[in-house]
Amino acid sequence: EVQLLESGGGFVQPGGSLRLSCAASGFSFSTYAMTWVRQTPGKGLEWVAALSGSGGSIYYADNFKGRFTISRDNSKSTLFLEMNSLTADDTAVYYCAKDYSSMPVAGTGDHWGQGVLVTVSS
Amino acid sequence: QSVLTQPPSASGTPGQRVTISCSGSSSNIGSKTVNWYQQVPRTAPKVLIYSDKHRPSGVPDRFSASKSGTSASLAISGLQPDDEADYYCAAWDDTLNGLVFGGGTTLTVL
């Protein structure tokens with residue numbers, strides 16, 4: 001059974017940093033691209049970043065380039081999202097999702113984590 | 001403003017058939033596959049349709065989807081109260097080099 005378990009969320013002050021993790025199990029992790037999607041309160045889904053199965057190809061939405069860093073450790077079946085210079089607008093539930101192939105172009109959401117809440121507030 | 005355009009709301013009565021549209025462009029829907037997701041409030045999204053028209057195991061055949069040119073649509077037949085949820089389309093965009101979502105459609109079962 002595929003499982004994705006996010007962790008690392010919580011409260012952070014504006015300007016601060018946070019590192020999210022997504023522990024995967026139940027599938028060959030290095031075979032699939034992985035994606036982070038977020039949802040701000042009361043709003044729709046927003047794609048944040050994606051990473052190929054090998055980790056060699058990385059993609060970011062323009063809003064997050066330079067502030068967020070996606071990475072993966074295939075030896076530990078874990079996906080990461082390093083978030084810096086956080087503002088109140090980054091308050092959201094962050095989901096990790098398994099993609100359909102080794103590259104993210106086929107889309108994401110084969111399986112989703114339960115989501116982790118990040119609250120940026122002073 | 002979302003790259004993919006969906007109506008913000010849709011509604012129907014139990015048993016009815018409802019369709020939700022998703023309009024894009026040649027750089028996304030016109031050249032890449034579309035996925036559809038269902039999200040019940042306060043829960044994680046769940047894929048309903050992948051690769052334009054394929055249903056994952058466990059998704060009822062009441063859910064179907066199609067694509068033509070730069071538009072896609074999701075159809076739900078035999079509407080049930082449990083179908084009340086938000087529905088999103090998504091596709092990779094070659095120009096943006098990233099995944100784009102529709103703004104979401106809130107389905108109300110009257």
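For chain B, the fraction of alpha-carbon pairs lying more than 25 Å apart is 15 percent, rounded to a whole number.
Remark: mean inter-chain Cβ contacts per residue of A:68-79 equal 0, using a 10 Å Cβ-Cβ cutoff to other protein chain atoms.
Can you tally the net charge around residue B:58? Count Lys and Arg as +1, Asp and Glu as -1, for every other residue whose Cβ sits under 13 Å from the Cβ of residue B:58. Walk me through the numbers on the way to the answer.
On the way: positive: B:46, B:55, B:62; negative: A:1, A:110, B:61.
Surrounding charge for residue B:58 is 0.
Taking every Cα-Cα distance in region A:1-118 and sorting them into 10 Å bins starting at zero, the pair-distance distribution P(r) comes out as 15, 51, 29, 5 percent.
What order do you get for B:46-58, A:42-54, B:76-88 when each peptide is scored by the mean count of other beta carbon atoms within 10 Å, highest first?
On the way: B:46-58: 15.9, A:42-54: 19.7, B:76-88: 17.6.
By packing density, highest mean first, the sequence is A:42-54, B:76-88, B:46-58.
Its Cα gyration tensor gives region A:77-122 an equivalent ellipsoid, and the semi-axes of that ellipsoid, as √(5λ) in whole Å with the largest first, are 25, 11, 10.
Counting Cβ atoms of other protein chains within 10 Å of each Cβ in A:82-91 and taking the mean gives 0. Here the ratio of the Cα radius of gyration of the protein assembly as shown to 2.2 N^0.38 Å is 0.98. Checking the Cα-Cα distances for B:46/B:67; A:43/A:65; A:65/B:53; A:98/B:32 against a 24 Å cut-off, the pairs over it are A:65/B:53.
Charged side chains reduced to their Cβ positions (Lys and Arg at +1, Asp and Glu at -1) give region A:48-108 a dipole of some 180 debye around its Cα centre.
Under the convention that each Lys and Arg Cβ holds +1 and each Asp and Glu Cβ holds -1, the size of the dipole of the protein assembly as shown around its Cα centre is about 120 debye.
Relative contact order of chain B, taken over Cα pairs closer than 8 Å and 6 or more residues apart, is 39 percent. The mean count of C-beta atoms from other chains within 10 Å of the C-beta of residues in B:88-100, rounded to a whole number, is 5.
If you plug the beta carbon distance of residue B:95 and residue B:13 into 1/(1 + (r/R0)^6) with R0 = 45 Å, you get a FRET efficiency near 0.65.
The distance from the alpha carbon centre of region B:13-53 to that of region A:74-122 is 20 Å, rounded to a whole number.
Bear in mind that the values in this text are calculations on the coordinates, not laboratory data. No experiment lies behind these values; they were computed from the predicted model shown. Ideal geometry is used to build each Cβ from the backbone, glycine not excepted, and the neighbour counts take in all protein chains shown.
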